[in-house]
Amino acid sequence: MKLNPNSLSQILARRILNYGAISLHEFMSEALNHPEYGYYTKSNPIGRSGDFITAPEISQMFGELIGVWCASTWIKIGKPNSFALMELGPGRGTLIVDALRALKALPECLKALELHFVEINPQLKKSQEKLLSDYRVIWHKSLDDIPQKPTIFIANEFFDALPIEQLFFRNKKWYRRKVDLADKKYKSEPKFTFTEEVSSLSDLDRQFVVDSKCLNGSVFEFSPDSRDAITKISKHINYYNGAALIVDYGYHEPNTNSTLQAIQRHRYVDVLNEPGCSDLTAHVDFRALSSVAIINGVSCWGPISQGSFLRRLGIETRSEKLSVSASDATKESIKRAKQRLINEDQMGTLFKVMVLGQKSSYPFPGFLSNELSETA
């Protein structure tokens, strides 16, 4: 096999040979976000021809109901004359296009909003430009330059794609998972393997470890990038006003299993195989996100199931309205899409919804008063 000296595998292999095994977080960061070879920077992964399909691609109802939520939230935060609607990882722009269509029912809100996207993928940016050619959009590479005004953040399947660290508990010790070369004398494309090193938990990490007894083989996952993002969002909301809607698959109860996975063309593959060619994700720890948010002075609502959230926003009514003059085939398609979004055995339970906002006793749209998280 002829070697490609500039492949991401070769780049990572040389780094390991020079400096030793790298952290799982570093491996994921490069595999997903390397400026030239990263999964999220070099291709269009969304859709049937890609590696996964997100809720906005399943049905227009999802984005439309997010638009309804944005309009109601804009009213709740005081109807600011100018505010930013900022989506993190907007995909092809489908969600925002559908949301804007719903927002046309509230012209004063539509007039007040300024569109912002956090996007690192050039191909997806082109899709967004095409779909949103009638709107002015401001793009950002990160959350480091959030507009200094009230901001409504939308993060649909954003946090699951942020790199994680994994710690294993065995024989009364913690071990940090790392990535090494399977063969340091490789003669073809290098292969990688997991290794471990004895580690310890920092005070910050310790507060998120499960409170129950740690058994041999217990896994603790945490995402420094997720905590950093939530901290920036929370501080911005606290200072400038606004809210954040987070939709993702994950858990709120303590978890002691690995959730790390790789998907390529809608199938699971080896996490370490061909870095940069598959979507590496981990389930979102909503307990950790809500704790960080509350520590930074904002209120946290939920998480609740995606099914409950969409039902409360009116997905049943919306699907009926779309079906009124539709053909039988289209009616069936609308029904299947709705079921996929809200049924317990599909996306309805696995996907969770959480909202951050300034401290208030009044629930955000889609939430009940008893769904406020009081403490970290």
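The values are calculated or read from the model by the stated rules, or taken from the named source; none is laboratory data. Keep in mind the model is a prediction, meaning the values are calculated, not measured. Heads up, the Cβs are rebuilt from the backbone with ideal geometry, glycines too, and the neighbour counts pull from every protein chain shown. For the accessible areas, the whole protein counts, side chains as well, though only heavy atoms, and no ligand, DNA or RNA atoms are used. Shrake-Rupley method; radii C 1.70, N 1.55, O 1.52, S 1.80 Å.
Per-structure values
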| item | result |
| --- | --- |
| Single unsatisfied condition, V97 versus (1) of a type in the set (V, I, T); (2) modelled with pLDDT of 95 or more; (3) under 16 Å from the mean Cα position of the chain (by Cα) | (3) |
| Those strands (runs of 3 or more DSSP E) lying entirely in the range 89-157 with at least 2 residues surrounded by 20 or more Cβ atoms within 10 Å (Cβ to Cβ) | 113-118, 151-156 |
| Test: residue in the range 250-257 that is open to solvent by 40 Å² or more (accessible area, probe 1.4 Å) and of a type in the set (V, I, T) | yes |
| Residues of the range 185-201 that turn out to be part of a strand (DSSP E or B) and under 28 Å from the mean Cα position of the chain (by Cα), as a count | 6 |
| Filter result for L356 (of a type in the set (A, V, I, L, M) and within 30 Å of S234 (Cβ to Cβ)) | yes |
| Residue in the range 118-129 that is touching a residue at least 12 places away in the same chain (Cβ under 8 Å) and in contact with a strand residue (DSSP E or B) (Cβ under 6 Å, 6 or more places away or on another chain) present | yes |
| Out of R318, R267, sole residue that is among the charged types (D, E, K, R) and under 30 Å from N370 (Cβ atoms) | R318 |
| Residue list for the range 276-298, restricted to those being in contact with a Ser or Thr (Cβ under 6 Å, 6 or more places away or on another chain) and not β-branched (V, I, T) | A282, H283, S290, A293, N296 |
| All strands (runs of 3 or more DSSP E) inside the range 268-375 with 1 or more residues being surrounded by 18 or more Cβ atoms within 10 Å (Cβ to Cβ) and among the small types (G, A, S) | 299-305, 351-357 |
| Unique match (being under 30 Å from T41 (Cα atoms) and either touching a residue at least 60 places away in the same chain (Cβ under 8 Å) or under 17 Å from the mean Cα position of the chain (by Cα) (or both)) among P365, P275 | P275 |
| Options R170, R176: the member that is within 30 Å of R14 (Cβ to Cβ) and in contact with a strand residue (DSSP E or B) (Cβ under 9 Å, 6 or more places away or on another chain) | R176 |
